[in-house]
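Notes to accompany the following structure.
The values are calculated or read from the model by the stated rules, or taken from the named source; none is laboratory data. The shown structure was predicted, so the numbers you read here are calculated from the model rather than taken from an experiment. With ideal geometry, Cβ positions are generated from the backbone for all residues, glycine too; neighbour counts draw on all protein chains shown. Accessible surface areas use protein heavy atoms only, side chains included; no ligands, DNA or RNA. Shrake-Rupley method; radii C 1.70, N 1.55, O 1.52, S 1.80 Å.
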Number of protein chains: 4
Amino acid sequence: MSTQRKIRMGMMGGGLNSFIGIVHRIASYIGEEYTLVGGVFDSNFENGQKFAKKLELDLSRTYADIDTFVEKELALPAEERIEVVVVVTPNFLHYPMAKQLIENGFHVICEKPITNTAAEAMELESLTKKHGVSFALTHTYTGYPMVRQMKSMIAEGVLGKIQKVDAQYYQGWINPVIHDKEKRAGVWRLNPEKAGQSCCMGDIGVHAFNMVEYTTGLKTTKVLADLNTLYEDNPLDIDGTAMCQFDNGAKGLVRASQIATSEENNLCIAVYGTKAGIKWEQENPNYLYFMEEGKPVQVLKPGHEYNSELSAISTKIAPGHPEGIFDSMGNIYSGAAKAIRGEEYLEGAFPTVHEGVRGMKFIEAVLASSKNGNVWTEIED
Amino acid sequence: MSTQRKIRMGMMGGGLNSFIGIVHRIASYIGEEYTLVGGVFDSNFENGQKFAKKLELDLSRTYADIDTFVEKELALPAEERIEVVVVVTPNFLHYPMAKQLIENGFHVICEKPITNTAAEAMELESLTKKHGVSFALTHTYTGYPMVRQMKSMIAEGVLGKIQKVDAQYYQGWINPVIHDKEKRAGVWRLNPEKAGQSCCMGDIGVHAFNMVEYTTGLKTTKVLADLNTLYEDNPLDIDGTAMCQFDNGAKGLVRASQIATSEENNLCIAVYGTKAGIKWEQENPNYLYFMEEGKPVQVLKPGHEYNSELSAISTKIAPGHPEGIFDSMGNIYSGAAKAIRGEEYLEGAFPTVHEGVRGMKFIEAVLASSKNGNVWTEIED
Amino acid sequence: MSTQRKIRMGMMGGGLNSFIGIVHRIASYIGEEYTLVGGVFDSNFENGQKFAKKLELDLSRTYADIDTFVEKELALPAEERIEVVVVVTPNFLHYPMAKQLIENGFHVICEKPITNTAAEAMELESLTKKHGVSFALTHTYTGYPMVRQMKSMIAEGVLGKIQKVDAQYYQGWINPVIHDKEKRAGVWRLNPEKAGQSCCMGDIGVHAFNMVEYTTGLKTTKVLADLNTLYEDNPLDIDGTAMCQFDNGAKGLVRASQIATSEENNLCIAVYGTKAGIKWEQENPNYLYFMEEGKPVQVLKPGHEYNSELSAISTKIAPGHPEGIFDSMGNIYSGAAKAIRGEEYLEGAFPTVHEGVRGMKFIEAVLASSKNGNVWTEIED
Amino acid sequence: MSTQRKIRMGMMGGGLNSFIGIVHRIASYIGEEYTLVGGVFDSNFENGQKFAKKLELDLSRTYADIDTFVEKELALPAEERIEVVVVVTPNFLHYPMAKQLIENGFHVICEKPITNTAAEAMELESLTKKHGVSFALTHTYTGYPMVRQMKSMIAEGVLGKIQKVDAQYYQGWINPVIHDKEKRAGVWRLNPEKAGQSCCMGDIGVHAFNMVEYTTGLKTTKVLADLNTLYEDNPLDIDGTAMCQFDNGAKGLVRASQIATSEENNLCIAVYGTKAGIKWEQENPNYLYFMEEGKPVQVLKPGHEYNSELSAISTKIAPGHPEGIFDSMGNIYSGAAKAIRGEEYLEGAFPTVHEGVRGMKFIEAVLASSKNGNVWTEIED
């Protein structure tokens, strides 16, 4: 149908037992702007087919591997071809798959981490420019309406000059496995071959970092980090703190831990400026605390007339009916849809490949700082 | 395809400008168990077609009216025919449409209020039995995992004998319109012809009532109610309280207001028994407060091993990533899917037609009590 | 010393094992405006003396009974004589003692309940006028700075016209004793001879009622109440609800319970007007929630420049160091000190005898309403 | 009177316009265990006398200076002599006065900071041993019942082995003065001559540090700190972070700021162990969050049977009536009273001179670390 408006979406990974695949599919359904057409849902072709059957997809669009995917899809007329591909494979495949997809003209929505190295991320960034495709990195938390409200308010200058930033992401999930040698040996996030250079900072510290740069618009210029493990046979960090310096001269902290026993996803951020402070917590995402000097604390919620445009477009329902993490991810998909269609979109509507580059640079700087004796380490823009 | 597993879903209403239609569609997408096939999306056929086009549906399954819908769908082979129909039309059509659908063998998912009268609701209940179809009434809040946890725990007896119940649903949305004669004359919820017998009790008081019976398993046997308006030219209640007596001898309250200025959807419930108390709030739905005599308050959250089965199946993600109102509605759709497929399901997996009957009886008793001078009024089982 | 500035204070009751005596003494110490000189600390003279010794008081000012107290103190020169007497005896003695003290020219600070009947309270009120003494009734919660802030803001008109009030006082302390026949037989609060006409409404419902009239300035004109017990051999109410009508036409609720298992002192109040709503909770007394139509919720705290004068004089320390219930009682003592010294004081600086009259009228109306079949019952001004 | 039981208390400083003097006096009144007898209330003798008159003290016990105080009090018989002296003078006088008092056999209760240097604090510690007097340092927050509950629970082992500690003290009070050159020049806390070596860490960072060692029983062995100012003409730190290592191998953070705009006294601590985590916040001091692995979060409050002995003796009233900062200080005075009387007391009943030593060592290590390029710096035990 030539007037088709929904975006034809493919997927790499995300098959039968993938948790993250569900999150992305739901996010794509919520705004009714995408149609899942096909993909490579599993490294095992048969499992991929089974999965496609379960979802009642056209089996001819379920492929054995990315090469076949690219070949066959490119062979289709443009108006039938999959336009965007969601990459939700194991981490080490993000970079090569994203690269191949970009080079063949597909838009990409990619799960975090974008790559294993900053260099790879930079390469992807330059490839997206070269090939004119859009790239959304699913830093999910940036989709929450009150995070977007926070970004808008800070951009409007309500804080004055920022003078202190403190972001935290504390989890306790590693506690039940870390104290047993066999158990911890079996955790893929603790295995450098599967998880890459970092566990805690790469997985969650980077979210806190992203939250800082996304909401404040500041660039982190230097970090002094200390990364920790509890056992010598565990090579990757499971806890760490990065002291930060920002391009406006302010200082701050990115704190992350996976041994904060019984914490679930305690990501929170506080930003303090010359005029006011502002705070947000992921586990209660529909509240934003705005603390103007000398005035009562204001608690902002989604869906009100006082919300910024970026926040308002990220809310589907009247005030007082809480939306959650899937809605947040859905907002990122809605933002990316605009980019894919070539429409205008608000700054911050979805996290771009550049945020992936920033995150990888942060991770590498933090690792270097910690390894080199907790020294201040620069992050290039 | 004969192995098709998704349920073929139709919709009455829910077209272009319908807010509630979106909520139901998202709920149906979330579990990946339904496919929207067609329906009567708008009383204006052209608008209905436009809408179907926008959603890229097969236009031949978009009908001009319910009669055509029934005729054409019944003419299709059973394995292609729409199985369940979602009724999200204006309120006064819920009853006749549901009736017609049930009588023709369609399963029904119906927006609240189920009907205008208790007698109609009872008729629907007996028709569902006669025709062997399932009927889900979307009392959305019963889909929250911690409401379900509360239900399970009370059923397990953690409270001992219940001795006091207090449920509240306070909103302030009427405040900006109620004080201006012209404005309030234009509000459909305040118009008896459109809104039925009651505004506040019918729209939100019944949610608080449903929450009481859903979570406690008690039956309300008598009410003494006082319903209020602020202006004489406003015939429907916009505020009210019902003192309640329950079948175990306990007493309680259902309190509702739409003039609680600046409240959003402040629905909350507290149940106190001989051993413990338990509390929940809709605006922070992922927290359940369990207060055992003499012990620290316990704060339960979704997704943990300590959650009941009914709660556990109502959570899609690991602890600490909040789910919201759409997920809650999605849980009801998932429960209804089991019934539609003839599978076993847990008690409480979705609100049934019987909960609709109870709600209508409550509303009628409350109205009668208030009208007759705030006297105790029985609610038959 | 003729320039003596501290108020000479005496006490009826409050001796060795009295909990409430400690509360009052601490309250009197906090502002450094009172000196405890003597009194009748115990019905047993020896115990009273022991207690006075422990506090290192002048034993010659510790008397055997109130008659001796009055006789001996009146015999002293005015500049040595005890000026104010704190009455913290068992409830049934409040009225006769207060009466005798007033008639002999002593100022009185009296624990709640003021009397057993409204008639007695009215008599005390008229006696205070006749004898020109001040009378403070320690409705402790009115001393909290944010309750006072609430009162000031409502008086300033920030809510517009009040259209709904809801006050609650829920406790669970009776739960562990109420279900055992012997245990409940031994509880003085459940014994009409000791506790008077009412248990729950008289002890805590009246606090919620007082909070309503204190903060809003409204007068309650009618109540429809339902009071409950769990067992037939328990003659006094342990739970109840009063629907209320106010002199401005608004309606509201006073809800109280002592069977709300595991609740501690969950007193809270919400007042909604045409322009805004406002809420306060006793267990988190340093937060006041102001909800203006269409704006973010404002959370006010004590000690800021934005606080009203009545609130500001009720805070001793910079913002962010929480004060508690003793400080609240201390504020009432500070307010009463001004009255005792004949200085000007702000309206609301301490609860007066008239608030005692209002409370007793409320209790009697509620009891009558419930007894007479839950009918609307007037409360005279 | 030979059976006198109250402790005779003197005071250095704390006169007419002293805020901190009031706090200490109230704390001494609350438990009814101290009598304020005299002191040197002001460096100006006349003002000191005026103040004593206002409090109706015996003017012969109000002295012109500490030398006279010591001489005259020592000349009195032991049973009349002031036993303990509260030092609430400007900071630079804490050390010399405390020294002189100890050397003359007076017990001391001293405001924070104990001294200007760790060496001085150590000298005081050894003097108290030599002269057999007790010394209480008013780290006020350690008096809160739930801080004490936390200490008891950790000591009982409920956390297992501690693996992460994070303590914060954020304030915003400097924000309104720091950005104006003249204003900040006039702030004594920013003046090294008056405030000593440090502003932020010395004033509040040390509270967070003390909270860590008090509650966990761990010793901090090393710190890596970064201290910040916003302007070059401001020599003292107004913000800073100390990464910490503890004697059990765990790591943690002490974070402090006075430029956290609009924060009041946001002191909070989280401690995570192998079995559970535990959290507390100063601004809501009556809640303690205990998070056992895999279980619902438990919220503990004061006054319950489940409270530890150390917590139970720190609560004066039934559960649900919040106590505050003055009560907390009062608990420290009650603990010190036992020591002064030579009675047994629970470990943690009041902060001792040794906690002062630890605090000064921490401050000096933090300053050294920051100055020397953010290097790990040892803290001797």
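Taking amide H atoms as placed 1.01 Å from N in the peptide plane, the amide H of residue B:228 lies under 5 Å from those of B:238, B:239, B:240, each 5 or more residues away in sequence or on another chain.
Annotation: for a label point projected 7 angstrom from Cα along Cα→Cβ of residue D:55, residues of segment D:23-46 with backbone N closer than 11 Å are D:23-29, D:35-42. Within the shell defined by Cβ-Cβ distances under 11 Å, the residues around residue B:375 carry a net charge of 0, with Lys and Arg each +1 and Asp and Glu each -1.
Take the accessible area of A alone and of D alone, subtract that of the pair with a 1.4 Å probe, and the total buried over both chains is about 2900 Å².
Over all other residues within a Cβ to Cβ distance under 15 Å of residue D:69, the charged ones net out to -4, with Lys and Arg as +1 and Asp and Glu as -1. Residue A:58 contributes an accessible area of around 90 Å² to the protein surface, as traced by a 1.4 Å probe with all chains present. Taking the accessible area of segment B:170-246, probe 1.4 Å, and keeping the other protein chains in place, the carbon and sulfur fraction comes to 47%.
Take each residue in B:270-277, count the other chain C-beta atoms within 10 Å of its C-beta, and the mean is 6.
Using the Cβ-Cβ distance between residue C:306 and residue A:155 with R0 set to 35 Å, the FRET efficiency works out to roughly 0.80.
Approximating the spin labels as points 7 Å out from Cα along Cα→Cβ, the residue D:131-to-residue C:346 distance works out to 4.5 nm. Ranking D:381, B:42, D:65 by solvent-accessible area of protein heavy atoms (1.4 Å probe, all protein chains present), from largest to smallest, gives D:381, D:65, B:42. Distance distribution P(r), the protein assembly as shown, all Cα-Cα pairs, bin width 10 angstrom from 0: 1, 7, 14, 19, 19, 17, 12, 6, 3, 1, 0, 0 percent. Hydrodynamic analysis of segment A:7-133 uses the Kirkwood radius over alpha carbon pairs. Inserted into Stokes-Einstein at 37 °C and 0.692 mPa s, it gives a translational diffusion coefficient of 226 µm²/s. Across chain A, C-alpha contacts under 8 Å between residues 6 or more apart give a mean separation that, scaled by the residue count, equals a relative contact order of 20 percent. Partner shielding of B:287-298 amounts to 6, given as the average count of beta-carbon atoms from other chains within 10 Å of each residue beta-carbon.
Per-residue surface analysis assigns residue C:86 an accessible area of about 0 Å², computed on protein heavy atoms at 1.4 Å probe radius.
With a simple spin-label model that places each label point 7 Å from the Cα along the Cα-to-Cβ direction, the separation between residue B:179 and residue C:188 comes to 4.9 nm. Shown for segment B:7-133: lysine pairs separated by 8 or more places, or found on different chains, whose C-alpha atoms are under 18 Å apart, numbering 4.
Each residue of segment A:296-313 was assigned a 3J(HN,Hα) from its phi angle through the Karplus expression (A = 6.51, B = -1.76, C = 1.60, θ = phi - 60°), giving x, 5, 9, 9, 8, 10, x, x, 9, 5, 6, 6, 5, 4, 4, 6, 4, 6 Hz with x at Gly and Pro. Label-to-label distances for residue C:293 across copies, nearest first, come out at 3.3, 4.8, 5.5 nm, using points 7 Å from Cα in the beta-carbon direction. Proximity of backbone amide H atoms, modeled 1.01 Å from N, is registered between residue D:292 and D:277, D:298 at under 5 Å, excluding neighbours fewer than 5 places apart on the same chain. Of A:306, A:95, A:272, the residue with the greatest mean-square motion in the GNM of chain A, using alpha carbon springs below 10 Å, is A:306. Calculated mean residue ellipticity at 222 nm for the protein assembly as shown: -10000 deg cm²/dmol, from DSSP H runs with n ≥ 4 weighted as -39500 (n - 2.57), summed, divided by the residue count and rounded to 500.
Within the assembled protein chains, the solvent-accessible surface assigned to residue C:354 is about 60 Å², based on a 1.4 Å probe.
Averaging the Cα positions of each part gives two centres, and for segment B:69-123 and segment D:20-50 these lie 80 Å apart.
Computed on segment A:158-215, the Cα convex hull volume stands at 95 Å³ per residue. Between copies, the label points of residue C:58, set 7 Å from Cα on the Cα→Cβ line, lie 1.5, 10.2, 10.3 nm apart, reported in increasing order to one decimal in nanometres. Candidate cross-link partners of residue B:275 among the lysines, defined by an alpha-carbon separation under 18 Å and a same-chain spacing of 8 or more, comprise B:151, B:161, B:164, B:251, B:295, C:181, C:183.
Contact order for segment C:7-133, expressed relative to its length and based on alpha carbon pairs under 8 Å spaced 6+ residues apart, stands at 24 percent. Label point of residue B:186 (7 Å along Cα→beta-carbon): distances to the other copies' equivalent points are 5.6, 6.6, 6.8 nm, sorted ascending. Around the amide H of residue B:253, modelled in the peptide plane, lie the amide H atoms of B:165, B:166, B:167, B:244, all under 5 Å away and 5 or more residues distant in sequence or on another chain.
What net charge do the residues around residue B:177 carry, taking every other residue with its C-beta under 12 Å from that of residue B:177, with Lys and Arg at +1 and Asp and Glu at -1? So the environment of residue B:177 carries a net charge of +1.
For chain A, set up a GNM with springs between Cα atoms under 10 Å and report which of A:94, A:207, A:321 has the largest fluctuation. In the Gaussian network model the winner is A:321. Remark: C-alpha extents of chain D on the principal axes read 61, 54, 38 Å, sorted largest to smallest. Rolling a 1.4 Å probe over the heavy atoms of the protein chains gives segment C:7-133 an accessible area of 39 Å² per residue.
When the Cα gyration tensor is reduced to axis lengths a ≥ b ≥ c, the ratio a/c is 1.5 or higher for segment B:1-52, and with a/b not above b/c it is classed as oblate.
Taken one residue at a time, the phi angles of segment B:126-133 give Karplus couplings (6.51, -1.76, 1.60, θ = phi - 60°) of 6, 5, 4, 5, 4, 9, x, 10 Hz. Gly and Pro are set to x.
Qualifying GluC sites (Glu not before Pro) in segment D:2-81, where qualification requires a DSSP coil assignment and no more than 15 other C-beta atoms within 10 Å, comprise D:56, D:79, D:80.
Note on chain B: GNM, Cα springs under 10 Å; of B:128, B:35, B:138, the largest mean-square fluctuation is that of B:35.
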